[in-house]
1. Students often get this wrong: which residues of the range 151-191 have the backbone nitrogen under 20 Å from the point 7 angstrom along Cα-to-C-beta of GLU145?
2. Using only Cα atoms, what is the ratio of the radius of gyration of the range 54-167 to 2.2 N^0.38 Å?
3. Give the Debye-formula value of log10 I(q)/I(0) at each listed q (0.12, 0.26 Å⁻¹), with one equal scatterer per alpha carbon of the range 134-198, two decimals each.
4. Among LYS60/LYS87; LYS41/LYS174; LYS168/LYS190; LYS8/LYS168, which pairs are too far apart, with a Cα-Cα distance over 27 Å?
5. Using the Cα atoms of the chain to build a convex hull, what is its mean projected area in square nanometres?
6. Write down Rg/Rh for the range 1-70, rounded to two decimals, with Rg from the C-alpha atoms and Rh from the Kirkwood relation over Cα pairs.
7. If I model a spin label at TYR152 and GLU66 as a point 7 Å from the Cα along the Cα→Cβ vector, what separation in nanometres do I get?
8. Taking the alpha-carbon distance from LYS18 and a cut-off under 17 Å, which aspartates and glutamates remain once sequence neighbours fewer than 8 residues away in the same chain are dropped?
Amino acid sequence: MESYLTIKKGLEKKINIKKSIFIGNLFFVKDRGEINENLEKVRKRHINANHVAYGAIILKGDRREEYFSDDGEPHNSAGMPILREIKRENLANILITVTRYFGGKKLGIRGLIDAYSGCARMLIEESHPEEVIIHSQFEIPFKYENFGIISYEIKRHNGAILDRDYLKMNLLIKIPVKYEQSFLRKIREKIPDLNPIKIAE
């Protein structure tokens, strides 16, 4: 995977369906901990709500980890419809919560699915997804006479130097995944004894 789409600006929307109030919130998240933190905030803010259903996808390397909960609504009538809307737009590192205040009239399974998915879809449609380029990080031991060559190839491959340790003569760099193999090939052609070490995520 070379890039993914996400939404970094939070958003809140409210809809009323047959006297039930549905409040949708969208969050940018990077791990399960941030999912839990935002869920806790929503639950504290809406302490009297009947349900706080959610769907979320976070990116772990090339894997997409999916999370969802109906929070007491009938099975797969709330969390899964939210998750489907996130997947439909191929988004990642996104959490959508939909809080429900029951209005006294049951909506039925179909009605619940439409309400939760509709609230999630409204949030996504009114947001602005952006592409995030995925990078690989490398540690590169270097000699002063080779620094110019290394620096040139980093820039040529749209990378960046993150840190320089002149005592250990070591660089920490990032390179877009799409250019990783080209960068390694070129750098080894010019400096055969160079041994970049890829840093595991």
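1. Zone members listed by number: 151-153, 166-171, 187-191.
2. Numbers: Rg = 22.5 Å, N = 114, 2.2 N^0.38 = 13.3 Å.
This ratio for the range 54-167 stands at 1.69.
3. -0.24, -1.24
4. Distance filter (> 27 Å) returns LYS41/LYS174; LYS8/LYS168.
5. Values: hull surface 52.6 nm².
For the chain, averaging the hull's shadow over all directions gives 13.2 nm².
6. Working: Rg = 13.9 Å, Rh = 13.7 Å.
Result for the range 1-70 is an Rg/Rh of 1.01.
7. My value for the distance between the label points is 4.8 nm.
8. LYS18 reaches GLU73, ASP114.
Each value in this text was obtained by applying a stated rule to the coordinates, not by laboratory testing. Worth saying up front: this structure is predicted, and the values here are computed from it rather than measured. We place every Cβ from the backbone using ideal geometry, glycine too, and count neighbours over all the protein chains shown.
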